[in-house]
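Each value in this text was obtained by applying a stated rule to the coordinates, not by laboratory testing. The structure displayed is predicted, hence computed values, not measured ones. A quick note on method: Cβ atoms are made from the backbone with ideal geometry, for glycine too, and the neighbour counts reach across all protein chains shown.
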Amino acid sequence: MTGGRHVIFATGAASAALVLFVFLLLAFPVAAPARDEEYDLDFAIPEVEEEKSLEIWGQMEFRAVSRFLDEDATLYKQRFHSRDQKNPANELRLQLKPEIAWNKGELGAYLRPRLGVSWNQLFSGAKTVMDEPSEELFIGDEEWSGEILAEEAFLKWTPSPKATLEVGKKVLKWGKGYAWNPVSFISRPKDVNDPDSSREGYVMAYGDFITSLEGPVTTVAFTPVAATVGDTVNQGLADDDTALFGGKLYVLAYDTDFDLMFMAGGEYDTRVGADFATNLAENFAIHGEAGVRLGYSKTTVDASGNIATEQMNAVSFLLGARYLTETDTTFLLEYYHNGEGYSPLEMRRYHTLIEKGWDAFRATGGKALLRRSSMVGADYNGSGVGRDYLYFRVTQKEPFDILYLTPTLTTIVNLGDGSLTVNPEVAYMATPSLELRPRMIIPLGGSKTEFGEKVNAFTGEMRVTYFF
């Protein structure tokens, strides 16, 4: 790969259906009578409206994406060496994500299904494996795909304000970090380019028991968790069919949140961790978390294609701060050390292997080295596979008094190799229920660096979301 990336920006048009959702509030003012005057007590008393037992809300989202590919990148050569790939590769995606909550006394239920359909010119080749209950659409089609699944679906029993029991599919949000969570032992990883996006949960039994105290320690809570892994349930959580158990102890002391958590089970690397969060001032907060993965098997490959496995106890941690100015500018800074990640030297060896494989393929048509690199591609090609990262995000609410407009600039830096991605975006609430969000993702870096060798040289996206 030579030089920097040449970036082209494209915009797409998007549209979404509009639906109106109205709440009415009735008030009945009554004037107080004078003390010595007679007054009529025969008037209608309005009935107190009962709390709704069933609520439905959610969102419909449309995305138009254009990806401009870097045909000189090693990951492009590895992925598309034997096929023609359109460049730019466009994608259209429509998702419906309703949320349904039911509560009746001590009992409750929550459902968050997702229906998605997409047309994508970027060839994936990866087989989609989804947890049940789910249904895959357009099986075997290279451009069309779709799915119907439950991201969350659980039953809840609250016998008292201090105790809650839940069973079903749920997203547990352990950890205080915004972009990464090294203590999120039983949750799917966040998309570091879109940490606020919804995620699919895991099937589990979950409890929450809380008590209040007097003194410097004001609150203590314990959260036990149990889950199983099978062929169609909680895939990817453990290496094989197994049962998992864990828990989290929460303490609020001296106006600081503390958590201690663990997770263990067969065919699962035992994990322990801790986190904290506190406000140093009204507009300045700090947070951190650290986790240890015991007996982690790390896969590495050298420039000749030799694959090795190393057993280690991987220590990962995160430190972050958030600052809000008087002009409603929010600064978020996080440092993340990934104990399971690859050093710059290990990444260079991997990219060198792909370059050797590409040269051999062009010279003789042989694919042995490229196939060898693909065997460890799942370990090396993902997001956040390096050792040390810096995440910096600046958000300005309604600049220049432009109502409902929020621009954001996000930068993610791999501190090991100096490569980075710059992601500017703008969120605009066109109506109280309609949001427009254009966004760009621009990876930058030199040869054999994480962001310098990404398949996408530039991504432009237009997202239209309707909330109901």
Subject >> Neighbour-limited loop hits for chymotrypsin sites (Phe, Trp or Tyr not before Pro), the range 196-284 (at most 15 other Cβ within 10 Å; DSSP other than H, G, I, E, B) >> reply: Y254
Subject >> Degrees, to the nearest 10: 344-364 long Cα axis against longest axis of the chain >> reply: 50 degrees
Original post:
Karplus couplings for the range 257-270 from phi (6.51 cos²θ - 1.76 cosθ + 1.60, θ = phi - 60°), rounded to Hz, Gly and Pro as x?
Top reply: 8, 10, 9, 10, 9, 8, 8, 8, x, x, 6, 9, 5, 4
**OP:** Grab the DSSP H runs of the chain that are 4 residues or longer, score each as -39,500 (n - 2.57), total them, divide by all residues and round the 222 nm result to the nearest 500 deg cm²/dmol.
**Re:** -2500 deg cm²/dmol
Original post:
Where the centroid of each part is defined by its Cα atoms, how far is the range 325-352 from the range 118-172 in Å?
Top reply: 28 Å
**OP:** Go through F258, A153, L436 and say which Cα lies farthest out towards the positive end of the charge dipole of the chain; charges sit on Cβ, +1 for Lys and Arg, -1 for Asp and Glu.
**Re:** L436
Original post:
Using Cα pairs under 8 angstrom and six or more residues apart, how large is the relative contact order of the range 55-467, in percent?
Top reply: 13 percent
Subject >> chymotrypsin sites (Phe, Trp or Tyr not before Pro) restricted to DSSP loop in the range 398-432 with at most 12 other C-beta within 10 Å >> reply: none
Original post:
Which of the following values of Kirkwood radius over Cα pairs in Å was calculated from the structure shown: [x] 24.5; [y] 25.5; [z] 23.1?
Top reply: [y]
Original post:
the range 181-221 to the range 73-100: how many Å between their Cα centroids?
Top reply: 32 Å
